[in-house]
Amino acid sequence: MAIWQLPTELVAWITQMGSWLHARLAFRLLPLFTGLLMARGRRTVASWLRAAGIGKDFRDYYYFLGSLGRNIKSAGSVVLAKVLGTVPLGERILMALDDSPTKRYGKWVEGAGLHHNPTPGPADQKFVYGHVWVTLALVVRHTLWGTIGLPVWALLYVRKKDTRPLSTLYKVKFRTKLEMAADLVDWAFESVKSLGKTLWIVADGAYAKRAFLRPVLALGVVVVSRLRKDAALRSMPKPKKPGQRGRQAIYGSAAIDLAKRAGQRRGWQSGTFLLYGKEVTKTYKTFPATYPPVGGAIRVVLVKERKGWVAFFCTEVNATVAQILEAYADRAAIEQVFHDIKEVHGAGQQQLRNYWANMATFNMILWGHTLTELWAWSRPAKELSDRSASPWDNAHRRPSHADRVKALRRHCLEKEIPHGELSGSKKRKLKTLWKCLVQIAV
């Protein structure tokens, strides 16, 4: 029998997420989230059910995951609204966009296929078999812990050749990663536009293409990304002369060679920026240009590195260099999210075959990550991590996501401490014994 009891605020948030579900199904969401957050070992759905104390009616929860996957968008909207109402927001809302694979095994896993491996490792494995998830995360800065990523929704990318059986069974149509990314941004824009703030999207250079940029920019969203060193840039168009007929030109007449611009000694400047949690001095060069995939003007920033140079761009021409470089550096938050959901929550280990059930479990893991971060947002570091048993560790290091998950488990277990009529030495001994048991359990 499970003894876990989630904090009141988490129970309220999860209940609100299930408010759009039918009353016959909504109550199953809380036990699943409890098992997800508290499970140990290999993170299969079976381990979730064991941690939540679910017994004979386990089949009903597997069926529930399928129905949840079909209606995942509504729950994601609730999560995003809760995040926006909890964390402090600046003048702009910054979101990061990227994709990541999760390894799967077995040819009967729906939606799985052979994909390029972004982390080949020492074995140089160029391909990985499994799922690829296009993910959107809100990026915020904590006053003490720096940049944190809060994932809100993910879509499963399936190769065209692997979509045929899904289109027959579930009417799933093939969409590229760029099209899925544009849909995620469109959904996020509709969710945040009532706040009256500008939405900024930071993405890897793989998403700096026309199929993604054009529909996103039509919404009024600002995009920051890497720029290819051989990008076909044009100069800014000259203003129309008085009395000149015709429309204003979109692109300039002169081509811009980034390699030549970077090789010129003049025009370089130095500035200090907050990158990856530290103040760093960078040598940069910036100028406006026009870029056909964007369909207009962009702000280009060239940055000198120890070996060569790198180029970034922003679709807001009046953006400052600090805004562009710091936004791209904050993109590392979504990479940390991918690491945490795989290492801490075991994303990809759920052993499910159904397409919709896989969709539900991966998004539930993302939301479990986000809800844990929200619960720990205003709590002191001493409550979240105690490194006294590890003197070799840095005591002042910010609490990791694993530390926050363990703190949540401790909080749940400590609620179960018996409050008897003991006093004196027996009470102290019982409290000491209970603390030891809690440390072992988490």
* trypsin sites (Lys or Arg not before Pro) lying in DSSP loop within the range 202-261, provided at most 16 other Cβ fall within 10 Å -> 209, 228, 229, 240, 245, 247
* Where Rh is the Kirkwood radius over the Cα pairs of the range 216-269, the temperature 25 °C and the viscosity 0.890 mPa s, what D in µm²/s does Stokes-Einstein return? -> 171 µm²/s
* Structure fact -> Mean Cβ-within-10 Å packing, highest first, puts peptides 344-353, 88-97 in the order 344-353, 88-97
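Per residue and in cubic angstrom, what volume does the convex hull of the Cα atoms of the range 93-218 have?
Once divided by residue count, the hull of the range 93-218 is 143 Å³.
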* Asked: Relative contact order of the chain: what whole-number percent is it, with Cα pairs under 8 angstrom and at least 6 residues apart?
  -> 17 percent
* Using all C-alpha to C-alpha distances in the range 188-249, build P(r) with 10 Å bins and read off the rounded percent in each one. => 16, 35, 27, 20, 2
* For the chain, modelled as a GNM with alpha-carbon contacts under 10 angstrom, which of 324, 54, 148 fluctuates the most? -> 54
* Tell me, what is the per residue accessible area of the chain in Å², probe radius 1.4 Å? -> 52 Å²
* Taking the Cα atoms only, what angle lies between the long axis of helix 177-192 and the longest principal axis of the chain, rounded to 10 degrees? -> 80 degrees
* Can you list the aspartates and glutamates whose alpha carbon is less than 15 Å from that of residue 160, not counting same-chain residues fewer than 8 positions off? -> 110, 179
* To do: May I ask for the Kirkwood hydrodynamic radius of the range 290-362, worked out over all distinct Cα pairs and given in angstroms to one decimal?
  => 15.7 Å
* Where is the GNM fluctuation largest for the chain (alpha-carbon springs, 10 angstrom cutoff): 15, 119, 147? -> 119
* Starting from 0 in steps of 10 Å, tell me what percent of the Cα-Cα pairs of the chain lands in each bin. => 4, 18, 27, 25, 15, 7, 3, 1, 0, 0
* Structure fact -> extent check for the range 1-88: Cα max minus min per principal axis, descending, whole Å, gives 39, 26, 22
* Structure fact -> HN-Hα couplings for the range 75-88 via Karplus (6.51, -1.76, 1.60; θ = phi - 60°), in whole Hz with x for Gly/Pro, come out as 5, x, 5, 5, 4, 5, 4, 5, 5, 5, x, 9, 8, x
* Stretch in the chain that is longest and holds no chymotrypsin sites (Phe, Trp or Tyr not before Pro) that DSSP places in a loop and that have at most 14 other beta carbons within 10 Å -> 109-267
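For a 31 Å ceiling on Cα separation, which of these pairs sit above it: 197/278; 126/278; 282/406; 260/282; 209/342? Could you put the intermediate results ahead of the total?
On the way: 197/278 27 Å; 126/278 34 Å; 282/406 38 Å; 260/282 20 Å; 209/342 29 Å.
The answer is 126/278; 282/406.
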* **Taking the convex hull of Cα positions in the range 169-216, its mean projected area over all directions (nm²)** => 4.3 nm²
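The values are calculated or read from the model by the stated rules, or taken from the named source; none is laboratory data. Note that this is a predicted model, so its numbers are computed, not measured. All Cβ positions, even for glycine, are placed from backbone atoms using ideal geometry, and neighbour counts span all protein chains on display. The protein model used for the area step is the full one, side chains on, heavy atoms only, and it has no ligands, DNA or RNA in it. Shrake-Rupley method; radii C 1.70, N 1.55, O 1.52, S 1.80 Å.
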